[in-house]
Amino acid sequence: MRLDRFLGNLPDVSRQDARRLLVERRVRVDGEAIVDGRHEVRVFNRIEVDGAVLQAGKPARYFMLHKPAGWVSATRHPEHPTVLDLLDEADKDDLHLGGRLDLTTTGLLLITNDGLWSRRLTQPKTRLPKVYYVETEDPIAPEYAETFARGLYFAYEDLTTLPAELIVLDRRAARLTLYEGRYHQVKRMFGHFRNKVTRLHRERMGPLVLDPGLAPGQYRALSPDEIMAI
Ligand code: URA
């Protein structure tokens, strides 16, 4: 929200009052005097007028979790434990997932209370590369890479998948990079060749790599550099 609107919404503060507070340099956001009413403020900012705190600003929180198989990527589920059950944190109702993984999929999952940040992570136009390690029931033929690079038609959504990069690592193992996140996308892409995915593990989302020090079920806070990288 714009700072002038935030001030104008306060009881007994008119738009004119708000403008005056700003030009008189009486408003501070995170300790810094702001005069431009167009300055964007969020629930995470500390906002003061004449030294009185109008909004304390809650901490923005960012975590990476090594999701184990069998935990559902949701904040609530009637049957399975959710990935949030793995977090020993206060105010978990405030948190949401920056992308999802299927029940049996393991690997990197990002969790935050910052909706703008998670939108940058998941919105299609970001084209954030997501890197998966895949194992399959049957051998992976060389033609898969070409087909994935061309894109596959998904009738249900009536779309063609974006070019994806497949590196074959072994007869039944590969690394696949996707630039979007359609429902069950990896399984459906291998399903095109009637080849079942037996193991799926997300290693990376853009610049964020799953910390090798995290065992399945463990998590840690992101570093300031990791947060800024998105
Ligand atoms: N593709 C899938 O099929 N499953 C996932 O969990 C992620 C990508």
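The values are calculated or read from the model by the stated rules, or taken from the named source; none is laboratory data. What you see is a predicted model, and the numbers here were worked out from it, not measured in a lab. Positions of Cβ are backbone-derived with ideal geometry, glycine not excepted, and every protein chain shown enters the neighbour counts. The protein model used for the area step is the full one, side chains on, heavy atoms only, and it has no ligands, DNA or RNA in it. Shrake-Rupley method; radii C 1.70, N 1.55, O 1.52, S 1.80 Å.
Listing for the model above:
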item: Subset of region 107-116 [away from the ligand (no atom under 16 Å from the Cβ) and either not assigned by TED's automatic domain parsing to the domain that holds Leu210 or not in a loop (DSSP other than H, G, I, E, B) (or both)]; result: Thr112, Gly115, Leu116
item: Gly206 open to solvent by less than 60 Å² (accessible area, probe 1.4 Å), on the phi > 0 side of the Ramachandran plot and more than 16 Å from the ligand (Cβ to nearest atom); result: no
item: Subset of region 57-101 (residues that are among the aliphatic types (A, V, I, L, M), in contact with a strand residue (DSSP E or B) (Cβ under 9 Å, 6 or more places away or on another chain) and open to solvent by 20 Å² or more (accessible area, probe 1.4 Å)); result: Ala60, Ala69, Val72, Leu86, Leu97
item: Matching entry among Thr160, Thr198 (being open to solvent by 60 Å² or more (accessible area, probe 1.4 Å) and in contact with a Phe, Trp or Tyr (Cβ under 7 Å, 6 or more places away or on another chain)); result: Thr160
item: Boolean, Leu162 is assigned to a loop (DSSP other than H, G, I, E, B), closer than 26 Å to Ile111 by Cβ and within 16 Å of the ligand (Cβ to nearest atom); result: yes
item: Residue that is surrounded by the fewest Cβ atoms within 10 Å (Cβ to Cβ), among those in region 177-195 that are farther than 23 Å from Ser118 by Cβ and without any contact (Cβ under 8 Å) to a residue 60 or more places away in the chain; result: Arg194
item: Candidates Thr104, Thr122, Thr136, filtered to the one that is open to solvent by less than 60 Å² (accessible area, probe 1.4 Å) and within 16 Å of the ligand (Cβ to nearest atom); result: Thr136
